[in-house]
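What follows is a short report on a single structure.
What follows is calculated from the coordinates using simple rules that are stated; it is not laboratory data. Just so it is clear, the structure is predicted and the values come from calculations on it, not from any experiment. Don't worry about glycine lacking a Cβ; one is built from the backbone with ideal geometry, like all the others, and counts go over all protein chains shown.
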Amino acid sequence: MGMEEQELEKKVEIVLKTIGPARPSRLLLPSSIKVRDLRRLVAGNVNLPIENLSLVLRGCALCDMKNGDEVSVQLNDGDSLIVAVKPKPPVKDEYDNDDDDEDLKFRLPHSSSRWKKWLYTFLHDNLKLPDVVLMVIFTLSLKAWLLITLWFILAPVAHRWDLGPLYILATGFCLILFNLGKRQAGDISAYSIFNEDFRELPGTLNADRLDRDIRAGQF
């Protein structure tokens, strides 16, 4: 217990290297510290705005949170911490399309489970998958993923029995069939053959409508 307390209370001296004309400075800190507290102490030492402060330690940018948990770092005596201030974004004009680009970026909801957050971090940060792929992965339901897995399992079987083309055609028909949806009571189909008494939608153009318009002199 005493060794752990000594380890927590151990102080180390690190070198702050601020990008710009400022000279390097030294700062005395606990050896184990949360990134959020480190950012606050560094901002107070170099007199820079904390909201735009970026910290780089041993070639890696430090983040306050990861997978919903606060991140801590282990500092060694003599470590160099690079401090930079993020530039302010340019003023957007009415023709700027950055909002459209933001809409294409996938963001995991805050209410997601821990394993989903871990999987998202692994796929996004480690594998560098694009946002479109991440959107497909996380928006499909578990049932859809089971059906996709089953399809890939049965595909070699169909190929072995020379049923590949039929297997693909059957897949297409199944996709159409299961995506038709269900009509609510009172809804009218765009195709009159499916409606009661072959009732048509208002404004439907057919031979009778053309004949009436011709006889009325509207052409």
5 angstrom amide H check on Thr18, placed H, neighbours 5+ away: Ser25, Val83
Built amide H within the under 5 Å cut-off of Ser32, gap 5+: Leu75
Assigned charges on the beta-carbon of Lys, Arg, Asp, Glu; the stretch 11-85 dipole about Cα centre (debye): 180
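Per residue, how big is the convex hull of the stretch 114-179 when only Cα atoms are used? Give it in Å³. Show your work: numbers first, answer last.
Numbers: hull volume 7.8 nm³, N = 66.
Looking at the stretch 114-179, the number lands at 118 Å³ per residue.
If the only charges are +1 at each Lys and Arg Cβ and -1 at each Asp and Glu Cβ, what is the size of the charge dipole of the stretch 114-179 around the Cα centre, to the nearest 20 debye?
On the way: 6 positive and 3 negative charges, 60 e Å.
The dipole of the stretch 114-179 has a size of about 280 debye.
Would you mind counting up the charge near Asn45? Only other residues with Cβ under 12 Å from its Cβ, with Lys and Arg at +1 and Asp and Glu at -1. Don't skip to the answer; put the middle values down first.
Numbers: positive: Arg26, Arg39, Arg40; negative: none.
Local charge sum for Asn45: +3.
Projected area of the stretch 11-85, taken from the Cα convex hull and averaged over every viewing direction, in nm²? Provide the component values of the computation, followed by the final result.
On the way: hull surface 18.6 nm².
So the Cα hull casts an average projection of 4.6 nm².
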Residue-by-residue Karplus 3J(HN,Hα) for the stretch 70-79, coefficients 6.51, -1.76, 1.60, Hz, glycine and proline x: 6, 9, 10, 10, 9, 9, 10, 5, x, 4
